[in-house]
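Student: Have a look at the structure that comes next, please.
The values are calculated or read from the model by the stated rules, or taken from the named source; none is laboratory data. These numbers were taken from a predicted model, which means no experiment stands behind them. Cβ sites come from the backbone with ideal geometry, for glycine too, and all protein chains shown count toward neighbours. Note: accessible area is taken over every heavy atom of the protein model, side chains too, but ligands, DNA and RNA are not part of it. Shrake-Rupley method; radii C 1.70, N 1.55, O 1.52, S 1.80 Å.
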Amino acid sequence: MLLIKRGTAGYEAENTARLFFPALKLWEAAAPPPAGESFIAALAGPHALLALVRLGGSVCWQAEPIPPQNSGADTEYALCRLLYGLLCRLTGCRPPWGMMTGVRPVRIIHDLRAAGADETAIRAHFIDHFDCTEEKYRLAMRIADVQRPVLEQAAPADCSVYIGIPFCPSRCSYCSFVSRAVTHPSVRALVQPYVDCLCGEIAAIRRTADACGLRVRALYVGGGTPTSLTARQLEQLLQCLAASFDLAALREFTVEAGRPDCTDAEKLRLLRQYGVTRISVNPQTFSDEVLRGIGRRHTAQEILACYAAARAAGHENINMDLIAGLPGDTVEGFAQSLQTAIGLAPESITVHTLTRKRAADITLENRATDADVGAMLARCTALDDAGYRPYYLYRQKGTLQNLENVGWSLPGREGLYNIYTMEEVHTILAAGAGGATKLVQPGRRHGRILRLYNCKFPHEYLARYAEVLQAKQKVEAFYAQYPPTQASCQP
Ligand code: SF4
């Protein structure tokens, strides 16, 4: 499927078309596409808008005049709305989030509230403007309500630190991260130098935070799988964190202990010993067959044993990740995994929707699969029944139907770092390969945001380590321009 954009048809027209055909390619040539090729055209001329689809030999189109005295933004919205309506009719699909394409729907509610909108206006924005379903609107509203106190507590000098461990015991078939399997000798040889450099970068981050007048509120060690480090390497990292930050002043210290095939009692004990307050033990599914199919080299039984070991080690705040839509899974299978997770009573359960990075076009054949993912997510009412409530949500590009990832937690057990990062509450300073530092202008809603990226792969990170350290100067330059001490709290 190709997409042709002309006139003032902007990026959003492309995003709208991808809601229905995630894998479409842009056709930028002036000549028309080859005969027989399916395509979508979104054209905005000086007087009219046109949406046209040629699919399987038949052509459908719809046109309307540009409303007079419209701004450029309104023209773009009108064209997206026209295209969205045509694609809904043509495919028979109505995406649950309607024509909303952004990754942070809850942020829209926070912004509307800050601008003085009441619930009626917010509802109209979701239901009428974006064509969201009532169910998705209500989900977003619930989450906004849970997040409100966290946002209200935000202080201009707050920040969090992310530490990336780009190694895993094996690579899952659906993985889109840069993580490398430590089973390979060439990768294993990188791990110790990586940990050594990472500790140096963490110390540099501490100095940078001090120089900028920042107060670290949350630490998050993710990846990859941090527990794929040896116990000795993990302790080295934890010692470095304890030496660099005032752990007692943190509101949260999370380490992902996602895979049971590398997380043993000794590592779980170390995490407790060094003040980790929250861990993640991630089944993804409790079906051994599905686990095999996605390349996870462990069984559901091993997850249960790992969870029990984590409790035995004294971990009192455990998250479990599940994925809806894994290859080979069914609605009933997913519901069983959900029930098993609920039965274990972790403090939070995060339900992801599988993102297919090279997603195929929605066709009549595979639309049933997408419907199944929606049916799986619908089973999350079981979480409500068990006392969990949704507290953060994000969507990713490439997820069919643009379905969402939602963190559910018992009241008071929300993963704060997840809210901080997803709602861009404050700066995140990132260390390690693939780390993305996000500098958020203190005290300003929709103020400046500056992203600084570390090298993506561990070997690059090691080879260009001097540059990694040098880049901390950009953080200081940012805060010299926007000193947190001179900012007031966000409205
Ligand atoms: S455990 Fe996570 S990071 Fe590691 S390979 Fe699997 S999906 Fe990727």
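Student: If Gly200 satisfies all but one of (1) closer than 30 Å to Leu393 by Cα; (2) open to solvent by less than 50 Å² (accessible area, probe 1.4 Å); (3) of a type outside the set (Val, Ile, Thr), what's the number of the condition it fails?
Tutor: The failed condition is (1).
Student: Is one or more of the residues making up the range 440-450 touching a residue at least 60 places away in the same chain (Cβ under 8 Å), out of contact with any strand residue (DSSP E or B) (no Cβ under 6 Å at 6 or more places or on another chain), under 23 Å from Ile108 (Cα atoms) and basic (Lys, Arg)?
Tutor: yes
Student: Follow-up question, since we're still on this one. Given the structure, is Leu429 under 23 Å from Ile279 (Cα atoms), open to solvent by 20 Å² or more (accessible area, probe 1.4 Å) and at pLDDT 95 or above?
Tutor: Criteria not met by Leu429.
Student: Can I ask one more? Of everything in the range 173-209, what is within 16 Å of the ligand (Cβ to nearest atom) and polar (S, T, N, Q)? Give them in sequence order.
Tutor: Across the range 173-209, the qualifying residues are Ser173, Ser176, Ser179, Thr183.
Student: Kindly check whether there is at least one residue in the range 416-433 that is touching a residue at least 12 places away in the same chain (Cβ under 8 Å), under 16 Å from the mean Cα position of the chain (by Cα) and under 30 Å from Ala189 (Cα atoms).
Tutor: Checked against the condition, which is being touching a residue at least 12 places away in the same chain (Cβ under 8 Å), under 16 Å from the mean Cα position of the chain (by Cα) and under 30 Å from Ala189 (Cα atoms), the range 416-433 yields at least one hit.
Student: Right, here's the next one. Only one of Leu82, Leu43, Leu90 is aliphatic (A, V, I, L, M), over 30 Å from Ala140 (Cβ atoms) and in contact (Cβ under 8 Å) with a residue 12 or more places away in the chain. Can you tell me which?
Tutor: Answer to the check: Leu43.
Student: For the range 124-134, check the following and say yes or no: at least one residue is of a type in the set (S, T, N, Q) and outside the structural domain of His426 (by TED's automatic domain parsing).
Tutor: yes
Student: Got at least one residue in the range 53-60 being more than 30 Å from Glu423 (Cβ to Cβ) and open to solvent by less than 10 Å² (accessible area, probe 1.4 Å)?
Tutor: yes
Student: Looking at the range 237-256, can you tell me whether even one residue there is open to solvent by 20 Å² or more (accessible area, probe 1.4 Å) and within 16 Å of the ligand (Cβ to nearest atom)?
Tutor: yes
Student: If you go through the range 95-105 one residue at a time, do you hit one that is in contact with a Phe, Trp or Tyr (Cβ under 8 Å, 6 or more places away or on another chain), without any contact (Cβ under 8 Å) to a residue 40 or more places away in the chain and not basic (Lys, Arg)?
Tutor: yes
Student: Quick check on the range 423-431. Is at least one of its residues in a loop (DSSP other than H, G, I, E, B), among the acidic types (Asp, Glu), out of contact with any strand residue (DSSP E or B) (no Cβ under 7 Å at 6 or more places or on another chain) and closer than 30 Å to Cys199 by Cα?
Tutor: Checked against the condition, which is being in a loop (DSSP other than H, G, I, E, B), among the acidic types (Asp, Glu), out of contact with any strand residue (DSSP E or B) (no Cβ under 7 Å at 6 or more places or on another chain) and closer than 30 Å to Cys199 by Cα, the range 423-431 yields at least one hit.
Student: Provide a single number: the residues in the range 226-236 that are open to solvent by 10 Å² or more (accessible area, probe 1.4 Å) and within 16 Å of the ligand (Cβ to nearest atom).
Tutor: 1
Student: Checking the structure you have, find out if any residue of the range 248-270 is assigned by TED's automatic domain parsing to the domain that holds Gln336, on the phi > 0 side of the Ramachandran plot and modelled with pLDDT of 95 or more.
Tutor: Within the range 248-270 (the criterion being assigned by TED's automatic domain parsing to the domain that holds Gln336, on the phi > 0 side of the Ramachandran plot and modelled with pLDDT of 95 or more), the answer is no, since none of the residues qualifies.
Student: Limited to the range 124-140, what total is found for residues that are in a helix (DSSP H, G or I) and surrounded by fewer than 17 Cβ atoms within 10 Å (Cβ to Cβ)?
Tutor: Going through the range 124-140 one residue at a time, the tally reaches 7.
Student: Here is a follow-up. What's the total number of residues in the range 141-156 that are in a helix (DSSP H, G or I) and open to solvent by 60 Å² or more (accessible area, probe 1.4 Å)?
Tutor: Matching residues across the range 141-156 total 5.
Student: Select from the range 30-48 the residues that are open to solvent by less than 60 Å² (accessible area, probe 1.4 Å) and either assigned to a loop (DSSP other than H, G, I, E, B) or farther than 11 Å from Leu86 by Cβ (or both) and list them in ascending order.
Tutor: Correct list: Ala31, Pro33, Ser38, Phe39, Leu43, Ala44, Gly45, Ala48.
Student: Next question. Identify, please: which residue in the range 272-312 is open to solvent by 60 Å² or more (accessible area, probe 1.4 Å) and within 16 Å of the ligand (Cβ to nearest atom) and is, among those, modelled with the lowest pLDDT?
Tutor: Residue satisfying both the conditions and the ranking: Arg297.
Student: Something else: Take the range 257-271 and flag every residue that is open to solvent by 60 Å² or more (accessible area, probe 1.4 Å) and hydrophobic (A, V, I, L, M, F, W, C).
Tutor: Result: Ala265, single match.
Student: Which residues, counting only those in the range 153-172, are within 16 Å of the ligand (Cβ to nearest atom) and not small (Gly, Ala, Ser)?
Tutor: Scanning the range 153-172 gives Tyr162, Ile163, Ile165, Pro166, Phe167, Cys168, Pro169, Arg171, Cys172.
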